[in-house]
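**Student:** Take a look at this one; I'll ask things after.
The values are calculated or read from the model by the stated rules, or taken from the named source; none is laboratory data. Quick caveat: nothing in here was measured; it's all calculated off a predicted structure. Counting neighbours? That spans all protein chains shown, and the Cβs are built from the backbone with ideal geometry, glycine included. For the accessible areas, the whole protein counts, side chains as well, though only heavy atoms, and no ligand, DNA or RNA atoms are used. Shrake-Rupley method; radii C 1.70, N 1.55, O 1.52, S 1.80 Å.
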Amino acid sequence: MDDKKFNELVGEALDSLPKEFAKKLNNIAITAADVPTEYQLRKAKLSASVLLFGLYEGIPQTKRGIYYS
């Protein structure tokens, strides 16, 4: 599958989320990559042979203050 088709499918999946979940995605960027970076692997304490299907990087919403809203 090419990148364009994959990104279209990701967009469709996000658009189909129930509103109660979709509203929680404010201030979130969704990106796709074929493989994680070396830094991401080290930070997550994963070996390069592990398949990674999702990764959140940032401050959890439960830890955000007013500044991050």
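**Student:** Along the positive direction of the dipole of the range 1-67 (beta-carbon charges: Lys, Arg +1; Asp, Glu -1; about the Cα centre), which of I59, N27, Y39 reaches farthest?
**Tutor:** In the range 1-67, that residue is I59.
**Student:** Evaluate the charge dipole of the chain about its Cα centre and quote only its size in Debye, nearest 20, assuming +1 on the Cβ of each Lys and Arg and -1 on the Cβ of each Asp and Glu.
**Tutor:** It works out to roughly 480 debye.
**Student:** Further question on the same structure: Could you order peptides 24-35, 3-14 by the average number of other Cβ atoms within 10 Å of their residues, highest first?
**Tutor:** 3-14, 24-35
**Student:** Right, another one. 7 Å from Cα along Cα→Cβ at both R42 and Q61: what's the point-to-point distance in nm?
**Tutor:** 3.2 nm
**Student:** Could you work out [θ]222 nm for the chain from helices alone, using -39500 (n - 2.57) per DSSP H run of at least four and dividing by all its residues? Round to the nearest 500 deg cm²/dmol.
**Tutor:** Rounded to the nearest 500, it is -9500 deg cm²/dmol.
**Student:** Here's a follow-up. At 1.4 Å probe radius, can you tell me the per residue accessible area of the chain in Å²?
**Tutor:** Per residue, the chain has an accessible area of 94 Å².
**Student:** Moving on to the next point. Given the convex hull of the Cα atoms of the chain, what is a quarter of its surface area in nm²?
**Tutor:** 6.2 nm²
**Student:** Ignoring any ligand, DNA or RNA, what whole percent of the accessible area of the chain comes from carbon and sulfur when the probe is 1.4 angstrom?
**Tutor:** Carbon with sulfur: 57 percent of the solvent-accessible area.
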